[in-house]
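Below is one structure, written out as structure tokens, with a few remarks after it.
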């Protein structure tokens, strides 16, 4: 079962997801963690904007909460698709190496692009970008 958490200083928030299915566990774990990052990004940006303008209203707060949910869901979905693809590739190949990240990134980039875009050239570019980012992240992870 994947375990993960967020830490701030000496405090740590642990989160465990167990559905009984390893693929679903990892996908949900990625969705929740990265979705929270997307929501926090919006909260930070909108808090800065409110402080900069000196204007806080109920309408602005409601807009921020809706935007946090939307961004969190989008970021979480992208992460969930990638994590699920990478795990699936690992299970199919029977190996755990950087090639799983590459293949998972390519497939995820293509799927996400195809869902919102019908231009073949854009889908190919997004697939290449997804594979490159996932592979680079995997290599950086090995270095640390």
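The values are calculated or read from the model by the stated rules, or taken from the named source; none is laboratory data. All of these numbers come straight from a predicted model, not from anything done at the bench. Note: ideal-geometry Cβ built from the backbone for every residue, glycine included; neighbour counts use all protein chains shown.
Things worth noting here:
- Here the condition is being closer than 29 Å to residue 13 by Cα and within 13 Å of the chain's Cα centre (by Cα); of 142, 74, it holds for 74 alone.
- On inspection, residue 104 passes the criterion of being within 14 Å of the chain's Cα centre (by Cα) and free of Cβ contacts under 8 Å to residues at least 60 places away in the same chain.
- Residues satisfying the stated conditions in the stretch 76-93, i.e. more than 23 Å from residue 40 (Cβ to Cβ) and surrounded by fewer than 22 Cβ atoms within 10 Å (Cβ to Cβ): 87, 88, 89, 90, 91, 92, 93
- Restricting 73, 47 to those that are more than 22 Å from residue 22 (Cα to Cα), surrounded by fewer than 19 Cβ atoms within 10 Å (Cβ to Cβ) and free of Cβ contacts under 8 Å to residues at least 60 places away in the same chain reduces the list to 47.
Here is a yes/no grid of residues against (1) under 15 Å from residue 134 (Cβ atoms); (2) not assigned by TED's automatic domain parsing to the domain that holds residue 140:
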| site | (1), (2) |
| --- | --- |
| 44 | no, yes |
| 49 | no, yes |
| 57 | no, yes |
| 63 | no, yes |
| 82 | yes, yes |
| 105 | yes, no |
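- Residue within the stretch 24-43 that is exposed (fewer than 14 other Cβ atoms within 10 Å of the Cβ) and modelled with pLDDT of 90 or more present: no
- The selection criterion, being outside any helix (DSSP H, G or I) and in contact with a helix residue (DSSP H, G or I) (Cβ under 6 Å, 6 or more places away or on another chain), holds for residue 96.
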